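Contents: one structure, followed by commentary.
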Amino acid sequence: MNDCFIINGRVIDPARKVDGRHNLIVRGGRVAEWTQARRGPTGVPVIDARDAVVTPGWIDLHTHLREPGEEYKEDVASGVAAAVAGGFASIVCMANTKPVADNASVIEHIRQQARVAGLARVYPIGAITRGLKGEELADIGDMAAAGVVALSDDGKTVANTRLMRKGMEYAATFGLPIVDHCEDPFLCAGTAMHEGAQSTRLGLAGSPAEAEEVIVQRDIALARLTGARLHVAHVSAVQGVDAVRAGQEEGIAVTAEVTPHHLLLTDEVLAGYDTRCKVNPPLRTAADRAALRRGLREGVFAAIATDHAPHTSIEKDVPFDEAACGMIGLESALPVCMRLVTERVISLCRLVELFTIGPARTLGLPRGRLAVGDDADVTILDPRAAVVIRSSAFRSKSRNCPFDGWRCRGKVLYTLVGGRIVYRAGPGGRRQ
C-alpha cells in the first residue's frame, strides 16, 4: 500500500488556489484527506516537510528520451530517473526516436519500458508524419488507440501547409492536440544560431526570429480553419510571443510553452562557441528574453518545459557548425527556474502552476493537482536551499548542460508517484 502522512509543509496547489499550511494523508496511492491534525493514521510513514513546499507532482511537457535507437545518449530508464530527481512525476516524450514513434508498436515499446522502470509516468507523443519526413501522415488512429497524448514532428516543421492542415483535421477527430516546432525550414536551413549582431561577430550563419513567426502565424491560421488544438513548442522570440498572444485574444485554441534556457540565457553566451548552448530554436537576444518573461507574467505561456535533449561528447565536442542542437534540463529545471522567482520575474506560486496544472490542462492529462481522490503525485522542494548544479552527478546519461557550476537556490527533496517515494534527496532530505 502506498500510504504516507505529509506534515508541516507549505502546500501550493494552483489548480485549487491553495497556498497555506496543510497536512496530507495518502492512502492507497491517492490523496485521502487534507487535515490540520498533527497525527496521522497509525503505522503510516511520515514525511516531515518542515520548511519545504509541497506541490502536485511536476510535469515536463517536452522531453527527448532517445529510446528506441539512441540509447547511448538516454533511454527510458535513465530518462525517468533524471525526471524524478528533478521533481518531475510525469514527462511527455517526443517522437523523434529511431525508428520514429509514428506507429503503435513504437508507442507501446516506450510505454512498456516506462512500466518496467517504475519511476515517472511517461506520456508518449506520436509523429504527425511518417518518419518525420513531412510527406504523408503517420498512423494517427493506431497511435491514438495506443495512448499518445498529442502529435508532433518536433525537431522538424511540417513545411507542407496542405499536409499540416490534414494533420490538424485528423488530430481534431481523435481529440489530440498538435504540438508544433515552429521554424520555417527554408529560412533556418544551414544556420547555427540566432541571426543578429552576435552571429555577425562570430562569423556564423544565423536564423532570423521571423523563421519562428511565420510558422506560428501559419499554424494559428490552420487551427482557426480546422478547429484543432495547437500547442506551440519552445517559443523563443518576441514575434512568437506576440503571435501566440494575438491568437489567444482572437479565441483560437492555442497554448504555448517556453524553456528555462530561453528564459535565462541569450545569444551572448555563445561568444566562446560553447556547443552546450547550441539549441533549436536558438538562444536569441536580451529583448527576446524580456518578451518571454513578460509572456510568463501575462499568462501567454501555459507551461515551462525543459526540452531535455541528451547528447554525448561525440555530438557536442566538435566545431560549432557541426554540433548537435540541444541541452539536458530535467535535473536543473528547479534551481535554474528559481532564479525567475528570486529576480521577481514571477512568484513561486506561478512557477508551480507552470510546472503542474498548466501543462496538465494543455494536454488534458489527469494530473497537476492534489484534490481528495487524485493520484498522490507529489513534489516536495526546498526553495531556499543553496545548490551548485553538478552535471557529473546527474542521473541522465548525458552531460550537455550549460548550467553546470551555477550557484542557485532550490532543491528537490522528494518525488512521489502514486504515493510511492520514487526519489528522496541525500543530505538535506527529510523523513521521520
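Tell me whether segment 320-332 contains one or more residues that are closer than 21 Å to Cys182 by Cβ, modelled with pLDDT of 95 or more and among the charged types (D, E, K, R). No, that holds for no residue. The number of residues in segment 158-168 that are of a type in the set (A, V, I, L, M, F, W, C), closer than 19 Å to Thr255 by Cα and either assigned to a loop (DSSP other than H, G, I, E, B) or in contact (Cβ under 8 Å) with a residue 60 or more places away in the chain (or both) comes to 2. Looking only at residues of segment 126-157 that are assigned to a loop (DSSP other than H, G, I, E, B) and of a type in the set (Lys, Arg), we find that the one that is surrounded by the most Cβ atoms within 10 Å (Cβ to Cβ) is Lys156. Among the residues that make up segment 138-157, is at least one of them without any contact (Cβ under 8 Å) to a residue 60 or more places away in the chain, within 22 Å of Asp184 (Cα to Cα) and in contact with a Ser or Thr (Cβ under 9 Å, 6 or more places away or on another chain)? Scanning segment 138-157 turns up at least one residue that is without any contact (Cβ under 8 Å) to a residue 60 or more places away in the chain, within 22 Å of Asp184 (Cα to Cα) and in contact with a Ser or Thr (Cβ under 9 Å, 6 or more places away or on another chain). Picking from Ile421, Ile346, Ile328, Ile389, which residue would you name as being within 18 Å of Leu24 (Cα to Cα) and among the aliphatic types (A, V, I, L, M)? Being within 18 Å of Leu24 (Cα to Cα) and among the aliphatic types (A, V, I, L, M) holds for just one of Ile421, Ile346, Ile328, Ile389, which is Ile421. Just so you know, in segment 347-372 the residues that are assigned to a loop (DSSP other than H, G, I, E, B) and farther than 25 Å from Asp180 by Cβ include one that is nearest to the chain's Cα centre (by Cα), and it is Arg369. Mind listing just one residue for me: the one in segment 27-60 that is more than 28 Å from Glu331 (Cβ to Cβ) and not in a loop (DSSP other than H, G, I, E, B) and, of those, farthest from the chain's Cα centre (by Cα)? So the residue we want is Thr35. Pairs meeting the criteria (first residue in segment 177-192 and closer than 20 Å to Lys278 by Cβ, second residue assigned to a loop (DSSP other than H, G, I, E, B) and of a type in the set (D, E, K, R), beta carbons under 6 Å, at least 6 apart or on different chains) are His181/Asp154.
Being closer than 22 Å to Glu257 by Cβ and either touching a Lys or Arg at 6+ places or on another chain (Cβ under 9 Å) or of a type in the set (Val, Ile, Thr) (or both) holds for only one residue in Gly373, Gly418, Gly368, Gly405, and it is Gly368. One residue is enough: does segment 383-405 have a residue meeting the conditions buried (at least 17 other Cβ atoms within 10 Å of the Cβ), under 22 Å from Arg10 (Cα atoms) and among the hydrophobic types (A, V, I, L, M, F, W, C)? Within segment 383-405 (the criterion being buried (at least 17 other Cβ atoms within 10 Å of the Cβ), under 22 Å from Arg10 (Cα atoms) and among the hydrophobic types (A, V, I, L, M, F, W, C)), the answer is yes, since at least one residue qualifies.
From the set of residues in segment 176-188 that are in a loop (DSSP other than H, G, I, E, B) and not charged (D, E, K, R), which is surrounded by the fewest Cβ atoms within 10 Å (Cβ to Cβ)? Top of the filtered list is Phe186. Taken as a whole, the structure places Met338 among residues that are more than 26 Å from Asn96 (Cβ to Cβ), at pLDDT 95 or above and out of contact with any Leu (no Cβ under 7 Å at 6 or more places or on another chain).
Return yes or no: is Val84 within 30 Å of Ser332 (Cβ to Cβ), in a helix (DSSP H, G or I), out of contact with any Lys or Arg (no Cβ under 8 Å at 6 or more places or on another chain) and touching a residue at least 60 places away in the same chain (Cβ under 8 Å)? Answer is yes for this residue.
For segment 225-273, a residue qualifies if it is farther than 21 Å from Leu340 by Cβ and in contact with a Cys (Cβ under 6 Å, 6 or more places away or on another chain), and exactly one does: Leu270. The set of residues in segment 362-405 that are out of contact with any helix residue (DSSP H, G or I) (no Cβ under 8 Å at 6 or more places or on another chain) and free of Cβ contacts under 8 Å to residues at least 60 places away in the same chain comprises Ala385, Ala386, Val388, Arg390, Ser392, Ala393, Gly405. Quick one: in segment 189-235, of everything that is in a helix (DSSP H, G or I) and among the charged types (D, E, K, R), which residue is farthest from Lys156 (Cα to Cα)? Here the residue is Arg201.
Can you name the residue in segment 315-332 that is within 25 Å of the chain's Cα centre (by Cα) and of a type in the set (A, V, I, L, M) and, of all such residues, is farthest from Thr275 (Cα to Cα)? Looking at the filtered set, the residue picked out is Leu330. Going by the structure shown, is Thr55 in contact with a His (Cβ under 6 Å, 6 or more places away or on another chain), surrounded by 23 or more Cβ atoms within 10 Å (Cβ to Cβ) and among the hydroxyl-bearing types (Ser, Thr, Tyr)? No; evaluated as a whole, the condition is false for this residue.
Of the listed requirements (1) surrounded by fewer than 20 Cβ atoms within 10 Å (Cβ to Cβ); (2) over 30 Å from Gly272 (Cβ atoms), Gly203 misses just one: (2).
Residues in segment 249-291 that are buried (at least 16 other Cβ atoms within 10 Å of the Cβ) and in a helix (DSSP H, G or I): 13 in all. Of the listed requirements (1) in a helix (DSSP H, G or I); (2) without any contact (Cβ under 8 Å) to a residue 12 or more places away in the chain, Ala114 misses just one: (2).
The values are calculated or read from the model by the stated rules, or taken from the named source; none is laboratory data. A quick note: this is a predicted structure, and the numbers were derived from the prediction, not measured. As a convention, Cβ positions derive from the backbone with ideal geometry for all residues, glycine included, and neighbour counts pool all protein chains shown.
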